[in-house]
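Worksheet: the structure to be examined is printed underneath.
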């Protein structure tokens, strides 16, 4: 199911950013999503939830040595899902992608840099069903194949997959299914895009008006929404990636991740609860030379808008299943 309310400028999502590829492994009630940047991407993270499940986030601090990452893992399975990152690393190493330990152009081991975050989806479907290293490897192969089909400096020609896929398979959003959503836009010569797994403790629907917080033009029947059983536990999480080809520094990428949470808070209420693990990564495939304050402000505003739009896209695109209603079941607008 695709999101008919979204225009074509949102259809590519993260793949609208040159040098970025996306792959998914979907396993019914859970899965993982891998965002690859084989040539490296300047990266940062901002964690706002009180109960995050993450890996390799400390190295993204601006004062730490490694400036670029090669992939980001988004996964279901709670903390168990972090095991999928082992498969991401193995597949990248096999492809010759990673940090050269002894220096560029010197023989020796390479270490792919793969931060990641997970959602809690263990109460949807089988709690023993979790993404593994094999799932991470498969999603990475798909992401690399996505990039191989085009010149690394151009965008994907194909609409992005979205909805009940990858890490969004077992996602819930309040009383309805969540999912994986995307959005992208342009700021001058640069692309800003987001891919988000919407799995919040909070609601995406205003229970009083039936309007989506992130897009009030989309409404559901408030009575029908009230009749649905609450699905979210106090252990849910929304995670995602913001990407751009603007040449932001590592520190400026942190500002993109930070302001991206404004979009999360606009689309989900309440957000950033003590047991949410809300986490947003920011990636730049630019040269890291930095942008001026005016452009950075525009990029940050776009990051928030794209995160908000990606969350709306996730719930619009979600399919019914797992004994859970989706937004399309109770939507009152076309």
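The values are calculated or read from the model by the stated rules, or taken from the named source; none is laboratory data. Values in this document were obtained by computation on a predicted structure and should not be read as measured data. Note: ideal-geometry Cβ built from the backbone for every residue, glycine included; neighbour counts use all protein chains shown.
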- Query: Here are some residues: 37, 15. Which one is part of a helix (DSSP H, G or I), touching a strand residue (DSSP E or B) at 6+ places or on another chain (Cβ under 8 Å) and surrounded by 24 or more Cβ atoms within 10 Å (Cβ to Cβ)?
  - Reply: 15
- Within the group 86, 46, which residue is part of a helix (DSSP H, G or I) and over 19 Å from residue 184 (Cβ atoms)? 86
- Note on the structure: Here the residues within the stretch 53-83 that are touching a residue at least 24 places away in the same chain (Cβ under 8 Å), more than 21 Å from residue 93 (Cβ to Cβ) and not in a loop (DSSP other than H, G, I, E, B) are 54, 78, 79, 80
- Of those in the stretch 213-233 that are out of contact with any helix residue (DSSP H, G or I) (no Cβ under 6 Å at 6 or more places or on another chain) and closer than 24 Å to residue 166 by Cβ, the residue modelled with the lowest pLDDT is 232
- Evaluation of residue 29 against (1) under 22 Å from residue 273 (Cα atoms); (2) modelled with pLDDT of 90 or more; (3) in a loop (DSSP other than H, G, I, E, B) (one fails), failing number: (1)
- Within the stretch 259-299, work out how many residues are within 17 Å of residue 311 (Cα to Cα), assigned to a helix (DSSP H, G or I) and in contact (Cβ under 8 Å) with a residue 40 or more places away in the chain. 8
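Suppose the filter is modelled with pLDDT of 95 or more and at positive phi; does residue 166 pass it?
Criteria met by residue 166.
List the strands (runs of 3 or more DSSP E) inside the stretch 94-199, counting only whole elements, that have at least 1 residues being surrounded by fewer than 24 Cβ atoms within 10 Å (Cβ to Cβ) and in contact (Cβ under 8 Å) with a residue 12 or more places away in the chain.
Counting at least 1 such residues, we get 179-187, 190-198.
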